[in-house]
Amino acid sequence: MSVVTVQLGQCGNQVGQELFDIICSDAQEGQRKTYSAASCERFFHQTAQGDLVARALLVDMEPKVINRSMSMAAKSGRWSYGASSHFSQKQGSGNNWANGYCVHGPCHRDAVEELVRREVERCDRLAGLIAMMSVAGGTGSGVGTYVTQCLRDIYPSSFILNHLTWPYGTGEVIVQNYNSVLTLAHLYQLSDAILVHENDTVHRICSRLLNIKHISFSDVNRVIAHQLGSILQPTLTADSHGAYSRNPLGELVSALACHPEYKLLSLCTIPQMASSSIAYSTFSWPGLLKHLRQMLISNTKMEEGIDWQVRPPADSGRSRSLTGGSFNTSLANLLILRGKDVYSAETGGIDDPALYTSWLSSKEAFSLWKSPVPFNKYEKSATLVSNSQALLRPLDDMVGKAWNMFASRAYIHQYIKFGISEEDFLDSFTSLEQVISSYSQLC
(Lines give C-alpha, C1' and ligand atoms only; values in the text may rest on other atoms or scores of the structure.)
Protein backbone atom coordinates (compact mmCIF):
# COMPACT_ATOMS: atom_id res chain seq x y z
CA MET A 1 0.00 0.00 0.00
CA SER A 2 1.20 3.48 -0.84
CA VAL A 3 1.35 6.78 1.02
CA VAL A 4 0.75 10.11 -0.74
CA THR A 5 2.56 13.08 0.80
CA VAL A 6 1.30 16.66 0.46
CA GLN A 7 4.10 19.18 1.11
CA LEU A 8 2.71 22.59 2.07
CA GLY A 9 4.53 25.91 2.36
CA GLN A 10 8.25 26.53 2.72
CA CYS A 11 8.81 24.27 5.72
CA GLY A 12 6.66 21.39 4.43
CA ASN A 13 8.45 21.35 1.09
CA GLN A 14 11.93 21.52 2.58
CA VAL A 15 11.29 18.79 5.17
CA GLY A 16 9.53 16.65 2.55
CA GLN A 17 12.47 16.82 0.17
CA GLU A 18 14.89 15.78 2.93
CA LEU A 19 12.55 12.95 3.95
CA PHE A 20 12.35 11.45 0.46
CA ASP A 21 16.11 11.79 0.10
CA ILE A 22 16.75 9.83 3.31
CA ILE A 23 14.11 7.20 2.49
CA CYS A 24 15.54 6.65 -0.99
CA SER A 25 19.18 6.40 0.10
CA ASP A 26 18.21 4.09 2.96
CA ALA A 27 16.18 1.80 0.69
CA GLN A 28 19.00 1.53 -1.85
CA GLU A 29 21.73 0.83 0.71
CA GLY A 30 23.34 -2.63 0.39
CA GLN A 31 21.61 -5.91 -0.44
CA ARG A 32 18.10 -5.57 0.95
CA LYS A 33 15.72 -6.41 -1.90
CA THR A 34 12.55 -7.13 0.08
CA TYR A 35 12.98 -4.06 2.29
CA SER A 36 13.83 -1.87 -0.69
CA ALA A 37 10.83 -3.08 -2.70
CA ALA A 38 8.47 -2.44 0.24
CA SER A 39 9.89 1.06 0.78
CA CYS A 40 9.76 2.02 -2.90
CA GLU A 41 6.19 0.79 -3.32
CA ARG A 42 5.20 2.84 -0.28
CA PHE A 43 6.77 6.18 -1.27
CA PHE A 44 7.62 6.09 -4.99
CA HIS A 45 6.24 4.98 -8.31
CA GLN A 46 8.47 3.94 -11.18
CA THR A 47 8.57 5.33 -14.70
CA ALA A 48 8.82 3.07 -17.77
CA GLN A 49 12.58 3.64 -17.58
CA GLY A 50 12.70 2.47 -13.95
CA ASP A 51 13.27 5.91 -12.43
CA LEU A 52 11.82 6.57 -8.96
CA VAL A 53 9.28 9.39 -8.71
CA ALA A 54 8.03 10.48 -5.28
CA ARG A 55 4.35 9.97 -4.48
CA ALA A 56 4.10 13.60 -3.46
CA LEU A 57 2.77 16.96 -4.50
CA LEU A 58 4.28 20.30 -3.63
CA VAL A 59 2.09 23.30 -2.78
CA ASP A 60 3.24 26.83 -2.00
CA MET A 61 2.04 30.31 -2.80
CA GLU A 62 5.53 31.26 -3.97
CA PRO A 63 7.57 29.22 -6.51
CA LYS A 64 11.11 29.60 -5.12
CA VAL A 65 11.13 26.80 -2.54
CA ILE A 66 9.29 24.37 -4.82
CA ASN A 67 11.74 24.99 -7.65
CA ARG A 68 14.66 24.43 -5.30
CA SER A 69 13.17 21.22 -3.86
CA MET A 70 12.50 19.78 -7.31
CA SER A 71 15.98 20.73 -8.47
CA MET A 72 17.69 19.13 -5.46
CA ALA A 73 15.68 15.94 -5.92
CA ALA A 74 16.63 15.70 -9.59
CA LYS A 75 20.30 16.40 -8.83
CA SER A 76 20.42 13.49 -6.38
CA GLY A 77 20.30 11.13 -9.36
CA ARG A 78 18.31 8.63 -7.27
CA TRP A 79 14.78 10.01 -7.41
CA SER A 80 12.74 13.00 -8.52
CA TYR A 81 9.38 14.69 -8.13
CA GLY A 82 6.79 14.39 -10.89
CA ALA A 83 7.20 17.12 -13.50
CA SER A 84 3.62 18.34 -12.98
CA SER A 85 3.15 17.39 -9.30
CA HIS A 86 3.39 20.93 -7.99
CA PHE A 87 1.31 24.07 -7.61
CA SER A 88 2.56 27.57 -6.85
CA GLN A 89 1.57 31.21 -7.26
CA LYS A 90 3.49 34.47 -7.34
CA GLN A 91 2.13 35.88 -4.09
CA GLY A 92 2.57 34.43 -0.61
CA SER A 93 0.14 34.40 2.31
CA GLY A 94 1.94 37.10 4.30
CA ASN A 95 2.30 34.95 7.45
CA ASN A 96 -1.45 35.25 7.90
CA TRP A 97 -3.47 32.09 8.58
CA ALA A 98 -6.71 33.79 7.49
CA ASN A 99 -5.20 34.80 4.13
CA GLY A 100 -4.16 31.21 3.47
CA TYR A 101 -7.33 29.55 4.77
CA CYS A 102 -10.00 31.99 3.56
CA VAL A 103 -8.43 33.34 0.34
CA HIS A 104 -5.67 31.24 -1.22
CA GLY A 105 -7.11 27.87 -0.21
CA PRO A 106 -10.61 28.28 -1.70
CA CYS A 107 -9.23 30.12 -4.74
CA HIS A 108 -6.95 27.26 -5.73
CA ARG A 109 -8.94 24.32 -4.39
CA ASP A 110 -9.77 22.72 -7.75
CA ALA A 111 -6.17 22.78 -8.98
CA VAL A 112 -4.76 21.26 -5.79
CA GLU A 113 -7.49 18.62 -5.56
CA GLU A 114 -6.78 17.56 -9.14
CA LEU A 115 -3.10 17.09 -8.29
CA VAL A 116 -4.04 14.95 -5.30
CA ARG A 117 -6.46 12.81 -7.33
CA ARG A 118 -3.85 12.23 -10.01
CA GLU A 119 -1.29 11.09 -7.42
CA VAL A 120 -3.78 8.86 -5.58
CA GLU A 121 -4.84 7.20 -8.84
CA ARG A 122 -1.24 6.09 -9.39
CA CYS A 123 -1.45 3.99 -6.21
CA ASP A 124 -2.62 0.39 -6.46
CA ARG A 125 -3.91 0.75 -2.91
CA LEU A 126 -3.88 3.93 -0.82
CA ALA A 127 -2.62 3.53 2.75
CA GLY A 128 -3.31 7.18 3.58
CA LEU A 129 -2.09 10.74 3.20
CA ILE A 130 0.54 12.74 5.05
CA ALA A 131 0.25 16.53 5.08
CA MET A 132 3.56 18.22 6.01
CA MET A 133 3.49 21.83 7.15
CA SER A 134 4.63 24.47 9.61
CA VAL A 135 2.16 26.15 11.95
CA ALA A 136 3.88 29.54 12.16
CA GLY A 137 3.46 31.12 8.71
CA GLY A 138 0.52 31.69 6.39
CA THR A 139 0.71 29.11 3.61
CA GLY A 140 1.78 26.05 5.61
CA SER A 141 -0.71 26.76 8.37
CA GLY A 142 -3.63 28.42 6.56
CA VAL A 143 -3.52 26.74 3.14
CA GLY A 144 -2.33 23.54 4.84
CA THR A 145 -5.39 23.49 7.09
CA TYR A 146 -7.70 24.18 4.16
CA VAL A 147 -6.09 21.44 2.04
CA THR A 148 -6.39 18.97 4.95
CA GLN A 149 -10.09 19.84 5.11
CA CYS A 150 -10.37 19.11 1.36
CA LEU A 151 -8.54 15.80 1.78
CA ARG A 152 -10.97 14.79 4.52
CA ASP A 153 -13.92 15.67 2.25
CA ILE A 154 -12.56 13.72 -0.74
CA TYR A 155 -11.20 10.73 1.19
CA PRO A 156 -13.47 10.45 4.25
CA SER A 157 -12.37 6.90 5.10
CA SER A 158 -8.63 7.30 4.45
CA PHE A 159 -6.06 7.85 7.18
CA ILE A 160 -4.72 11.40 7.32
CA LEU A 161 -1.60 12.15 9.35
CA ASN A 162 -0.54 15.77 9.78
CA HIS A 163 3.12 16.44 10.44
CA LEU A 164 3.56 19.85 12.07
CA THR A 165 6.73 21.81 12.71
CA TRP A 166 6.25 24.10 15.70
CA PRO A 167 8.13 27.42 15.61
CA TYR A 168 10.92 28.54 17.89
CA GLY A 169 9.53 29.77 21.20
CA THR A 170 11.45 33.03 20.89
CA GLY A 171 9.56 33.75 17.71
CA GLU A 172 9.96 33.67 13.96
CA VAL A 173 6.73 35.54 13.18
CA ILE A 174 4.98 38.04 15.44
CA VAL A 175 1.60 36.33 14.95
CA GLN A 176 2.93 32.76 15.02
CA ASN A 177 0.90 31.86 18.12
CA TYR A 178 -2.35 33.00 16.46
CA ASN A 179 -1.51 30.91 13.40
CA SER A 180 -0.58 27.93 15.55
CA VAL A 181 -3.78 28.05 17.62
CA LEU A 182 -6.02 28.35 14.57
CA THR A 183 -4.18 25.53 12.80
CA LEU A 184 -4.22 23.08 15.70
CA ALA A 185 -7.84 23.72 16.62
CA HIS A 186 -9.01 23.04 13.07
CA LEU A 187 -6.74 20.04 12.46
CA TYR A 188 -7.98 18.39 15.65
CA GLN A 189 -11.35 18.00 13.95
CA LEU A 190 -9.90 16.72 10.66
CA SER A 191 -6.77 14.66 11.24
CA ASP A 192 -6.45 11.11 12.56
CA ALA A 193 -3.18 11.98 14.31
CA ILE A 194 -0.92 15.03 14.58
CA LEU A 195 2.81 14.34 14.73
CA VAL A 196 4.78 17.29 16.11
CA HIS A 197 8.40 18.42 15.89
CA GLU A 198 9.48 21.46 17.90
CA ASN A 199 12.18 23.61 16.29
CA ASP A 200 13.72 24.39 19.69
CA THR A 201 14.20 20.69 20.47
CA VAL A 202 15.63 19.85 17.05
CA HIS A 203 17.96 22.85 17.27
CA ARG A 204 19.36 21.51 20.55
CA ILE A 205 19.93 18.10 18.95
CA CYS A 206 21.89 19.76 16.12
CA SER A 207 23.99 21.72 18.60
CA ARG A 208 24.63 19.22 21.41
CA LEU A 209 24.48 15.82 19.74
CA LEU A 210 25.54 16.51 16.17
CA ASN A 211 28.07 19.22 17.16
CA ILE A 212 27.01 21.57 14.38
CA LYS A 213 28.47 25.03 15.02
CA HIS A 214 26.43 27.15 12.61
CA ILE A 215 23.00 25.55 12.44
CA SER A 216 20.96 26.10 9.27
CA PHE A 217 17.35 25.21 8.46
CA SER A 218 18.77 22.39 6.31
CA ASP A 219 20.41 20.88 9.39
CA VAL A 220 17.16 21.13 11.35
CA ASN A 221 15.15 19.66 8.47
CA ARG A 222 17.58 16.75 8.11
CA VAL A 223 17.13 15.75 11.76
CA ILE A 224 13.33 15.93 11.40
CA ALA A 225 13.50 13.85 8.20
CA HIS A 226 15.72 11.24 9.88
CA GLN A 227 13.26 10.82 12.73
CA LEU A 228 10.28 10.64 10.37
CA GLY A 229 12.04 8.11 8.15
CA SER A 230 12.73 5.91 11.17
CA ILE A 231 8.95 5.70 11.69
CA LEU A 232 7.79 5.39 8.10
CA GLN A 233 10.26 2.90 6.63
CA PRO A 234 9.08 -0.75 6.48
CA THR A 235 8.95 -2.78 9.69
CA LEU A 236 7.64 -6.09 10.97
CA THR A 237 4.63 -5.60 13.22
CA ALA A 238 2.60 -7.91 15.41
CA ASP A 239 -0.02 -8.20 12.65
CA SER A 240 2.27 -8.45 9.62
CA HIS A 241 3.03 -12.21 10.07
CA GLY A 242 6.68 -12.09 9.09
CA ALA A 243 6.24 -9.76 6.12
CA TYR A 244 6.81 -6.02 6.06
CA SER A 245 3.75 -4.08 7.19
CA ARG A 246 1.48 -3.01 4.34
CA ASN A 247 -0.45 -0.24 6.03
CA PRO A 248 1.94 2.04 7.96
CA LEU A 249 -0.43 4.94 8.63
CA GLY A 250 -3.33 2.71 9.63
CA GLU A 251 -1.20 0.75 12.08
CA LEU A 252 0.42 3.94 13.44
CA VAL A 253 -2.96 5.57 14.09
CA SER A 254 -4.56 2.45 15.58
CA ALA A 255 -1.55 1.96 17.87
CA LEU A 256 -1.38 5.53 19.16
CA ALA A 257 -4.53 7.59 18.56
CA CYS A 258 -7.16 5.46 20.27
CA HIS A 259 -9.34 8.35 21.46
CA PRO A 260 -10.50 11.46 19.53
CA GLU A 261 -9.50 13.73 22.41
CA TYR A 262 -5.86 12.58 22.27
CA LYS A 263 -4.18 13.06 18.88
CA LEU A 264 -0.86 14.76 19.64
CA LEU A 265 2.19 12.58 18.98
CA SER A 266 5.80 13.37 19.87
CA LEU A 267 8.87 11.33 19.05
CA CYS A 268 12.47 10.78 20.02
CA THR A 269 15.22 8.73 18.43
CA ILE A 270 18.36 7.22 19.90
CA PRO A 271 21.25 7.30 19.10
CA GLN A 272 21.82 10.57 17.25
CA MET A 273 25.38 11.69 16.60
CA ALA A 274 27.68 13.30 14.07
CA SER A 275 28.19 11.00 11.07
CA SER A 276 31.95 11.06 11.66
CA SER A 277 31.42 9.44 15.08
CA ILE A 278 29.12 6.58 14.05
CA ALA A 279 31.90 4.24 12.91
CA TYR A 280 33.64 4.54 16.30
CA SER A 281 30.55 3.92 18.45
CA THR A 282 28.98 0.70 19.67
CA PHE A 283 25.60 0.29 21.29
CA SER A 284 23.73 -2.46 23.12
CA TRP A 285 19.96 -2.81 23.05
CA PRO A 286 19.63 -2.80 26.87
CA GLY A 287 21.66 0.43 27.06
CA LEU A 288 19.68 2.16 24.30
CA LEU A 289 16.33 1.15 25.75
CA LYS A 290 17.27 2.12 29.31
CA HIS A 291 18.01 5.64 28.07
CA LEU A 292 14.90 5.76 25.88
CA ARG A 293 12.64 4.74 28.76
CA GLN A 294 14.03 7.47 31.00
CA MET A 295 13.73 9.99 28.16
CA LEU A 296 10.04 9.08 27.97
CA ILE A 297 9.15 9.30 31.65
CA SER A 298 11.19 12.49 32.25
CA ASN A 299 10.04 14.05 28.95
CA THR A 300 13.57 14.55 27.63
CA LYS A 301 13.85 14.63 23.84
CA MET A 302 17.52 13.64 23.60
CA GLU A 303 19.91 11.40 25.51
CA GLU A 304 21.97 14.31 26.83
CA GLY A 305 20.61 15.92 29.97
CA ILE A 306 18.26 13.11 31.00
CA ASP A 307 16.77 13.58 34.48
CA TRP A 308 17.42 10.21 36.11
CA GLN A 309 15.62 11.26 39.30
CA VAL A 310 12.15 11.04 37.75
CA ARG A 311 10.39 7.78 38.61
CA PRO A 312 6.92 6.39 37.90
CA PRO A 313 4.60 7.31 40.80
CA ALA A 314 3.91 4.64 43.39
CA ASP A 315 0.17 5.33 43.38
CA SER A 316 -2.41 6.20 40.77
CA GLY A 317 -2.95 9.80 41.90
CA ARG A 318 -0.71 11.45 39.35
CA SER A 319 -2.33 14.28 37.48
CA ARG A 320 0.22 16.46 35.75
CA SER A 321 1.15 19.94 36.86
CA LEU A 322 2.01 22.44 34.16
CA THR A 323 4.91 23.71 36.25
CA GLY A 324 8.03 21.91 37.34
CA GLY A 325 9.62 18.71 36.08
CA SER A 326 7.48 15.69 36.79
CA PHE A 327 6.51 12.27 35.54
CA ASN A 328 5.26 12.16 31.93
CA THR A 329 2.16 9.94 31.82
CA SER A 330 1.58 8.09 28.54
CA LEU A 331 -1.66 7.15 26.85
CA ALA A 332 0.06 5.01 24.20
CA ASN A 333 3.59 4.35 22.94
CA LEU A 334 5.01 2.80 19.79
CA LEU A 335 8.59 1.50 20.00
CA ILE A 336 10.40 0.93 16.69
CA LEU A 337 13.69 -1.00 16.77
CA ARG A 338 15.96 -1.29 13.72
CA GLY A 339 19.26 -3.03 13.12
CA LYS A 340 21.54 -5.81 14.26
CA ASP A 341 20.31 -8.47 16.71
CA VAL A 342 16.90 -6.78 16.82
CA TYR A 343 15.03 -10.01 17.54
CA SER A 344 16.94 -10.47 20.78
CA ALA A 345 15.98 -6.98 22.00
CA GLU A 346 13.47 -6.72 24.84
CA THR A 347 11.05 -3.83 25.37
CA GLY A 348 13.28 -2.12 27.93
CA GLY A 349 10.44 -1.69 30.41
CA ILE A 350 8.55 0.70 28.10
CA ASP A 351 5.59 -1.69 28.39
CA ASP A 352 5.54 -1.19 32.19
CA PRO A 353 1.89 -0.51 33.23
CA ALA A 354 3.13 2.18 35.67
CA LEU A 355 3.99 4.38 32.66
CA TYR A 356 0.43 4.48 31.34
CA THR A 357 -2.95 5.90 32.17
CA SER A 358 -5.00 3.69 34.46
CA TRP A 359 -7.97 3.30 32.09
CA LEU A 360 -6.03 1.54 29.31
CA SER A 361 -4.10 -1.68 29.79
CA SER A 362 -0.43 -1.63 28.79
CA LYS A 363 -1.09 -4.49 26.36
CA GLU A 364 -3.34 -2.16 24.38
CA ALA A 365 -1.26 0.95 25.02
CA PHE A 366 2.15 -0.42 23.97
CA SER A 367 3.13 -1.53 20.46
CA LEU A 368 6.45 -2.84 19.17
CA TRP A 369 7.71 -2.81 15.57
CA LYS A 370 11.04 -4.30 14.50
CA SER A 371 13.24 -4.49 11.42
CA PRO A 372 16.59 -6.31 11.13
CA VAL A 373 17.70 -3.73 8.54
CA PRO A 374 19.86 -0.90 9.97
CA PHE A 375 18.51 2.59 9.29
CA ASN A 376 20.46 5.51 7.88
CA LYS A 377 23.94 4.13 8.75
CA TYR A 378 23.15 3.36 12.42
CA GLU A 379 23.89 -0.29 13.25
CA LYS A 380 21.20 -0.16 15.94
CA SER A 381 18.57 2.52 16.47
CA ALA A 382 15.38 2.93 18.47
CA THR A 383 12.55 5.39 17.92
CA LEU A 384 9.69 6.05 20.32
CA VAL A 385 6.47 7.66 19.10
CA SER A 386 4.46 8.73 22.11
CA ASN A 387 0.94 9.93 22.77
CA SER A 388 1.61 11.39 26.19
CA GLN A 389 1.80 14.62 28.17
CA ALA A 390 5.07 15.51 26.40
CA LEU A 391 3.52 18.36 24.38
CA LEU A 392 1.34 19.68 27.19
CA ARG A 393 3.61 22.48 28.36
CA PRO A 394 4.55 23.87 24.90
CA LEU A 395 0.88 23.73 23.88
CA ASP A 396 -0.18 25.57 27.03
CA ASP A 397 2.54 28.19 26.49
CA MET A 398 1.45 28.73 22.90
CA VAL A 399 -2.22 29.12 23.80
CA GLY A 400 -1.33 31.45 26.69
CA LYS A 401 0.76 33.74 24.49
CA ALA A 402 -1.93 33.84 21.82
CA TRP A 403 -4.60 34.63 24.42
CA ASN A 404 -2.58 37.51 25.84
CA MET A 405 -2.33 39.04 22.37
CA PHE A 406 -6.01 38.39 21.69
CA ALA A 407 -7.05 39.97 24.99
CA SER A 408 -5.41 43.22 23.88
CA ARG A 409 -6.82 42.80 20.34
CA ALA A 410 -3.32 42.88 18.86
CA TYR A 411 -3.31 42.30 15.07
CA ILE A 412 -6.88 40.95 15.12
CA HIS A 413 -7.87 43.33 12.31
CA GLN A 414 -5.33 41.61 10.02
CA TYR A 415 -7.36 38.42 10.34
CA ILE A 416 -10.83 39.96 10.29
CA LYS A 417 -10.18 41.59 6.93
CA PHE A 418 -9.72 38.14 5.36
CA GLY A 419 -12.89 36.69 6.88
CA ILE A 420 -11.97 35.34 10.32
CA SER A 421 -14.14 36.64 13.17
CA GLU A 422 -13.39 37.03 16.86
CA GLU A 423 -15.82 34.15 17.45
CA ASP A 424 -13.58 31.91 15.32
CA PHE A 425 -10.67 32.77 17.59
CA LEU A 426 -12.73 32.08 20.71
CA ASP A 427 -13.89 28.72 19.32
CA SER A 428 -10.26 27.77 18.64
CA PHE A 429 -9.16 28.77 22.14
CA THR A 430 -12.03 26.77 23.65
CA SER A 431 -11.13 23.71 21.58
CA LEU A 432 -7.47 23.76 22.62
CA GLU A 433 -8.27 24.47 26.27
CA GLN A 434 -10.26 21.25 26.20
CA VAL A 435 -7.26 19.38 24.73
CA ILE A 436 -4.99 20.85 27.43
CA SER A 437 -7.47 19.84 30.12
CA SER A 438 -7.72 16.27 28.78
CA TYR A 439 -3.95 15.77 28.68
CA SER A 440 -3.51 17.42 32.10
CA GLN A 441 -5.88 14.90 33.64
CA LEU A 442 -4.22 11.80 32.20
CA CYS A 443 -3.65 9.52 35.17
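The values are calculated or read from the model by the stated rules, or taken from the named source; none is laboratory data. Only a predicted model underlies this, so the values are computations on that prediction, with no experimental measurement involved. Counting neighbours? That spans all protein chains shown, and the Cβs are built from the backbone with ideal geometry, glycine included. Keep in mind that these areas ignore ligands, DNA and RNA; they rest on the heavy atoms of the full protein, side chains included. Shrake-Rupley method; radii C 1.70, N 1.55, O 1.52, S 1.80 Å.
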Subject >> Percent RCO, i.e. relative contact order, over the chain, from Cα pairs under 8 Å lying at least 6 residues apart >> reply: 16 percent
Subject >> Extended-chain gain in nm, criterion 0.36 nm per residue less alpha-carbon gap, Gln441 and Arg118 >> reply: 111.9 nm
**OP:** Mind telling me which of Phe20, Phe217, Phe366 comes out most flexible in a GNM of the chain, alpha-carbon contacts under 10 Å?
**Re:** Phe217
Subject >> Met405-Arg125 FRET efficiency (beta carbon distance; Förster radius 30 Å; 0.05 resolution) >> reply: 0.10
Original post:
What spacing in nm lies between the two simple spin-label points modelled at Ala111 and Met273, each 7 Å away from Cα in the Cβ direction?
Top reply: 4.9 nm
Original post:
So what is the calculated 222 nm ellipticity per residue for the chain, using -39500 (n - 2.57) for each DSSP H run with n of 4 or more, over all residues, to the nearest 500 deg cm²/dmol?
Top reply: -12000 deg cm²/dmol
**OP:** State the three equivalent ellipsoid semi-axes of the range 270-425, derived from the C-alpha gyration tensor as the square roots of 5 times its eigenvalues, in descending order and whole Å.
**Re:** 37, 21, 15
Subject >> Relative contact order (percent, whole number), the range 49-118, Cα cutoff 8 Å, 6+ residue spacing >> reply: 36 percent
Original post:
Where the only charges are on Cβ atoms (+1 Lys, Arg; -1 Asp, Glu), what is the dipole of the chain about its Cα centre, to the nearest 20 debye?
Top reply: 880 debye
**OP:** Equivalent ellipsoid semi-axes for the range 151-242, as square roots of 5 times the alpha carbon gyration tensor eigenvalues: give them largest first, rounded to whole Å.
**Re:** 27, 23, 9
Original post:
Quick one: length gained pulling Gln89 to Asp352 fully straight, 0.36 nm per residue minus the C-alpha distance?
Top reply: 89.6 nm
Original post:
Using Cα pairs under 8 angstrom and six or more residues apart, how large is the relative contact order of the range 3-111, in percent?
Top reply: 27 percent
**OP:** Under 14 Å from the Cβ of Phe159, count the other residues' Cβ atoms, weight Lys and Arg +1, Asp and Glu -1, and hand me the total.
**Re:** +3
Subject >> Portion, in percent, of the accessible area of the chain that falls on carbon or sulfur, probe 1.4 Å >> reply: 50 percent
Subject >> the chain, accessible area per residue, ligands and nucleic acids excluded (1.4 Å, Å²) >> reply: 40 Å²
Subject >> For the chain, alpha-carbon Rg over 2.2 N^0.38 Å >> reply: 0.94
Subject >> Estimated inter-spin distance, Lys377 and His259, nm [label 7 Å along Cα→Cβ] >> reply: 4.2 nm
**OP:** Let me know the Rg and Dmax you get for the range 39-100 when you use only its Cα atoms, in Å.
**Re:** 13.9, 44
Original post:
For Lys75 and Ser157 in the same chain, what is the full-extension length gain: residue separation times 0.36 nm, less their Cα-Cα distance, in nm?
Top reply: 25.8 nm
